[in-house]
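Report on the structure given below.
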Amino acid sequence: MRETRSFDQDQTPRPPAAAGFFSGVHREIWDDADSLLHTKPKEPQRMSESSSRQIVIFDTTLRDGEQSPGASMNLYEKMEVAQALVELGVDVIEAGFPIASPGDFNAVREIAKTVRGSVICGLARCRPEDIDRAWEAVKYAEQPRIHVFLATSAIHREHKLKMDKAEIVQRAVEGVKRAVDYCPDVEFSPEDAVRTEIDFLCQVVEAAIDVGATTVNIPDTVGYATPAHMRRVIEILRNRVPNIDRAVISVHCHNDLGMAVANSLAAVEAGAGQVECTVNGIGERAGNCSLEEIVMALKTRNDFYHAHTRVVSQRIVPTSRLVATVTGIQVQRNKAIVGQNAFAHEAGIHQDGMLKERTTYEIMRPEDVGLTMSDLVLGKHSGRAALADRAKALGYRLTGEQLNLVFDEFKELADKKKEIYDGDIAALIEQQIHGVSELWSLESYQVTSGTGKVPEVTLSVRRGSEVLSTHKVCGDGPVDAVFLAIEELTGISVVCRDFRVHSVTVGKDAQGEVMVQLEYQGELYRGHGVSTDSIEASAKAFLNAINRIASVGNGSQQPSKIR
Ligand code: KIV
Ligand code: ZN
């Protein structure tokens, strides 16, 4: 990408090469770590506010994030997330791994064709067929990027690739060259870089830049690094790779030891110019560096890092909500920046301090991350304009048609529930805008159950103009009975792998949000439903997942692991 070349890295003059650091076989990497940590560190660059560097934010929610167990998204959901990422202001969107499946290929291609405003990147192994496929998918983008990777650590070379160092260098060079022939913006990642002998890492990075890599990414694939370690790896690359100024140094940290954000910040401190991250920190195993945390750390501590991003911080919470809804992976209450408790003050002393002066206990303002702090907002007399206004304040941009649908649901809810909170509105909107096309919808249900009694259910679903009904005495409880009735009416028989219910807001009349995961013919499908009646919410969530199954059957969606 032409732009990334101009994102200036720390250009501090380099001291002579630190010979022998991290050299030798894998065991010696760690024996040498002590001397590494005691090498005189390069002075962190001190710059004035006006010389704050721009850090490229490379979002991999749609690629590495999607690899989280249970997080797969369908095409429509990926397109929505990609659009939200553009609005969030990320510089690069890694949209997928095109060779992985036809679904992945289509998603990357559709995003490349339609999403404008960010670089669109596709991942490829250092194999001709991967690189060709990645280019086929990203070539439609306004600014395409090909990201090639090849493992370099001794463990991966010996056990996974069965290749020696010379073969690795050759394969990396061939891969980068092939990608460069297609595209001027090429990123190279030596997978498991952090566990790679430092001499060899420098050699591979130099070779990749030599043949045209414009970004060199340093992945901590297994989340093994510590901040001091990561800082030194980046410093050594900057000191020893002669052509390093021709590429942006990137960092890609996994969170296995809970240090992905800290390690990424350490890399920035040492001069990295790009950070790879995911919304809500989702990703393989314990996840990736969290986008919201790294962005807000750089923003809040600009005094220290003298670095900033292009991210529109007010879009953080809406984007986090969107990703949580489409992946079904909710963020924990105490998650930094986007968790429910992130700006809640419980202790009396803290509340007292806050009332006297907000900054006593708050280092960021909730509104800066897009969190509106109003509580009770609307009631049954509120009109469409008030709802539209509230939706906008919550970060949603609804079309006229979406607003009408949400308004109908809102009126229905207001009849059942006097006080409508922001959480209620967000749940209604998300149900509308992230739903799948509804082949079947719930018309009505009635269920009776009790201790020692087999439940009795009467349930109707609508399919177009047709209403299908059943009456059954079955199941382990009311929810099970409702699910069995829906299976009978739709003719789709599934195994329920996960069922979760939580309350959207507070109070006995709060809406319940149900998430289900259903297995059908070896694939997992997600469903989501909201209602003040938790059995109705369960029925809606179950039907939502059934509709996803049906839409795949219709060929309207591409297969992937979890829909
Ligand atoms: O964690 C990793 O090493 C990766 C690479 C493909 C960059 O995700
Ligand atoms: Zn990764």
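Distance between the C-alpha centres of segment 384-442 and segment 125-142: 39 Å, rounded to the whole angstrom.
This model, with +1 at the C-beta of Lys and Arg and -1 at the C-beta of Asp and Glu, gives the chain a dipole about its Cα centre of some 440 debye. Ignoring aspartates and glutamates fewer than eight residues from Lys411 along the same chain, the ones with Cα atoms less than 13 angstrom from its Cα are Glu419, Asp424. For Val222, no residue whose modelled amide H falls within less than 5 Å of its own remains once neighbours fewer than 5 places apart on the same chain are excluded.
Backbone geometry of segment 507-513 corresponds, through the Karplus equation with coefficients 6.51, -1.76 and 1.60 at θ = phi - 60°, to 3J(HN,Hα) couplings of x, 5, 8, 4, 6, x, 10 Hz, x marking Gly and Pro.
For segment 280-345, the set of trypsin sites (Lys or Arg not before Pro) satisfying both a DSSP loop assignment and a count of at most 15 other C-beta atoms within 10 Å is given as Arg285, Arg301, Arg310, Arg333.
Surface analysis of segment 304-445 yields an accessible area of 52 Å² per residue, using protein heavy atoms and a 1.4 Å probe.
Would you mind checking Lys78/Lys335; Lys299/Lys380; Lys139/Lys392; Lys356/Lys380; Lys165/Lys299; Lys392/Lys508 for any pair whose Cα atoms are more than 30 angstrom apart? Display every interim value, and only then the final one.
Working: Lys78/Lys335 24 Å; Lys299/Lys380 40 Å; Lys139/Lys392 34 Å; Lys356/Lys380 36 Å; Lys165/Lys299 40 Å; Lys392/Lys508 27 Å.
Exceeds cut-off: Lys299/Lys380; Lys139/Lys392; Lys356/Lys380; Lys165/Lys299.
Rolled with a 1.4 Å probe across the full set of protein chains, the surface gives Leu298 an accessible area near 0 Å².
Looking at segment 443-508, which trypsin sites (Lys or Arg not before Pro) are in a loop (DSSP not H, G, I, E or B) and have at most 16 other Cβ atoms within 10 Å? Don't skip to the answer; put the middle values down first.
Numbers: sites: Lys453, Arg462, Arg463, Lys472, Arg497, Arg500, Lys508; in loops: Lys508.
In loop regions of segment 443-508 (DSSP not H, G, I, E or B), the sparsely surrounded trypsin sites (Lys or Arg not before Pro) are Lys508.
Close amide H partners of Asp498, meaning residues 5 or more places away or on another chain with modelled amide H under 5 Å apart, are Gln517. Counting only residues at least eight positions apart within a chain, or on another chain, the aspartates and glutamates with an alpha carbon under 16 Å from that of Lys160 are Glu191, Asp192.
Applied to segment 193-207, the Karplus parametrisation 6.51 cos²θ - 1.76 cosθ + 1.60 on θ = phi - 60° returns per-residue 3J(HN,Hα) values of 4, 5, 9, 9, 4, 5, 4, 5, 4, 4, 4, 5, 4, 4, 5 Hz, with x for Gly and Pro.
Using a 1.4 Å probe over the heavy atoms of the protein chains, calculate the carbon and sulfur portion of the accessible area of the chain as a whole percent. Here carbon and sulfur together make up 51 percent of the probe-accessible area.
Counting other Cβ atoms within 10 Å, keep those with at most 11, restrict to DSSP loop, and tell me which GluC sites (Glu not before Pro) in segment 348-449 are left. Display every interim value, and only then the final one.
Numbers: sites: Glu357, Glu362, Glu367, Glu401, Glu409, Glu412, Glu419, Glu430, Glu438, Glu443; in loops: Glu357, Glu362, Glu419, Glu438.
Answer in residue order: Glu357.
Karplus-based coupling profile of segment 87-99, in residue order and whole Hz: 5, 5, x, 6, 7, 10, 10, 7, 8, x, 10, x, 6, with θ = phi - 60° in 6.51 cos²θ - 1.76 cosθ + 1.60 and x standing for Gly or Pro.
The values are calculated or read from the model by the stated rules, or taken from the named source; none is laboratory data. Keep in mind that this is a model prediction, so the values were computed, not measured. Ideal geometry is used to build each Cβ from the backbone, glycine not excepted, and the neighbour counts take in all protein chains shown. Note: accessible area is taken over every heavy atom of the protein model, side chains too, but ligands, DNA and RNA are not part of it. Shrake-Rupley method; radii C 1.70, N 1.55, O 1.52, S 1.80 Å.
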